[in-house]
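A quick write-up on the structure given underneath.
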Amino acid sequence: MSHLLHRGLRDIPPQAVSAEGLIVRLADGREIIDASGGAAVSCLGHGHPRVIAALRAQVETLPFAYNGFFTTAPAEALADRLVGAAPGGLTHAYFVSGGSEANEAAIKLARQYFVEIGQTQRHRFIARRQSYHGNTLGALSAGGNMARRALYQPLLSDAFSHVSPAFAYRGQEPAQSEADYVARLAAELEAEFQRVGPDRVAAFIAEPVVGATLGAATAPAGYFQAMRAVCDRHGALLLLDEVMCGMGRTGTLHAWEQEGVAPDIQMIAKGLGGGYQPIGGILISGRIIAALEAGSGAFAHGHTYLAHATACAAALAVQQVIADDDLLANVRAMGIRLDDRLRARFGNHAHIGDVRGRGLFQAIELVADRDTKTPFDPGLRLHERIKAEAFARGMACYPMGGTIDGRRGDHVLLAPPYIATGAEIDRIVEILGEAVDAAIWSVG
Ligand code: PMP
């Protein structure tokens, strides 16, 4: 019996003992291909020697120095690296320990910004249904994943409301053009601003490419520009959650670079430190920093492990390797290959309704009926069967159930490390194909 509380008390995962590249070795000797980098975390794969060396050097000199008293070289260098060129007007970085904390910080900073500039009535946030922003109570309030919210509903903040996600596969009517679909979503956001009171809205929060909840769902062209226009019209901020889709995963360092907009605050985590240390952060636009400077002079929020020296050293090394080895070029090339292979394997599959994603962030959605897009009965827990079938064939991938709002099928998310080779991409799709067929066969 394990004294460690796992997610499932009856379902204790096998023990990993070492890992290198895409391979995780188990205590029983099996080797598992990590096809989703955990939950889209391990962007450099496992055991990268340069990151290990940087970690070792930091631990031997200064593992930690409390942020209330000191700053450190790796924290300063990481901030310089991420915002030195002020991409999209983002001039400052703030480092926390993960994606949920990044979302909490972003929400609180947005609220504080409006207090600083005298718009104290702005405390409402509009986010999207079928989204995920983290499991802490503020982030969960922002999230629109009803299954994850249900148990905690009485504890969640009513400062948050939700509009439809940009999800063409299920949201765009057959006869509707992409432009009309975007116009409808913009009108819905506008209507929500009007319902809440436009001068009470602090920010709109969205993932540029929806990860865990919808499975690599990209927005239609022009969507984010249209959302930005609604925010600008009413003086609200745009908060983009790139915890999963960011830091290179879609082929550009930031996913928003492909959307023609820049956020006022951006949340990052996972690929920032590649799993070598727990780290997340927010990138902040100059105008928010200017308001704080002119006002109270401090961000009224903090944690013991802010800008943790070892976590920042790990993230700095990860980001240096990505740049030095030009890994985003590999993400783009392997992304095209992954898309090709997925379409070749599943394009005509009777039970795959959609193949979607960008870069090394792609998913398939399973449906009982392709024409009607009817999901499988959630009670079959098809996604769990696929996970088990893949694992039995030596591969870990990231499947999600189709129960959310009853409006989505099961999906499987793939997020291979940026170092993946063509042969590894091919093998991942081959195993996924076998696992999907075996799982569907098992449900009759
Ligand atoms: N936002 C998004 C978009 C995420 O995908 C996640 C994690 N899946 C989070 C926030 C929360 O991050 P963490 O689990 O590190 O708290």
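Values for this structure:
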item: Residue in region 236-250 that is away from the ligand (no atom under 16 Å from the Cβ) and in the same structural domain as Ile268 (by TED's automatic domain parsing) present; result: yes
item: Test: residue in region 86-95 that is modelled with pLDDT under 95, within 15 Å of Gln266 (Cα to Cα) and loosely packed, with under 15 Cβ neighbours inside 10 Å; result: yes
item: Failed item in (1) farther than 29 Å from Ile284 by Cα; (2) free of Cβ contacts under 8 Å to residues at least 12 places away in the same chain; (3) not β-branched (Val, Ile, Thr), with Asp28 passing the rest; result: (2)
item: Residues of region 101-158 satisfying the condition of being in a helix (DSSP H, G or I), within 11 Å of the ligand (Cβ to nearest atom) and at pLDDT below 95; result: Arg148
item: Single match in Phe193, Phe167, Phe204 (criterion: closer than 21 Å to Ala363 by Cα, buried (at least 16 other Cβ atoms within 10 Å of the Cβ) and aromatic (Phe, Trp, Tyr)); result: Phe167
item: Residue check, Leu380 touching a residue at least 60 places away in the same chain (Cβ under 8 Å) and within 21 Å of the chain's Cα centre (by Cα); result: no
item: All positions within region 251-289 that are away from the ligand (no atom under 13 Å from the Cβ), touching a Ser or Thr at 6+ places or on another chain (Cβ under 8 Å) and of a type in the set (S, T, N, Q); result: Gln258, Ser285
item: Residue satisfying all of: in region 142-163; in contact with a Ser or Thr (Cβ under 6 Å, 6 or more places away or on another chain) and under 18 Å from Met244 (Cα atoms); surrounded by the most Cβ atoms within 10 Å (Cβ to Cβ) among these; result: Gly143
item: Every residue from region 141-178 that is among the hydrophobic types (A, V, I, L, M, F, W, C) and without any contact (Cβ under 8 Å) to a residue 24 or more places away in the chain; result: Ala150, Leu151, Leu155, Leu156, Ala175
item: Within region 27-43, considering residues that are of a type outside the set (Asp, Glu) and exposed (fewer than 15 other Cβ atoms within 10 Å of the Cβ), the one farthest from the ligand (Cβ to nearest atom); result: Gly29
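The values are calculated or read from the model by the stated rules, or taken from the named source; none is laboratory data. Remember, predicted model here, so these are calculated numbers, not experimental data. A quick note on method: Cβ atoms are made from the backbone with ideal geometry, for glycine too, and the neighbour counts reach across all protein chains shown.
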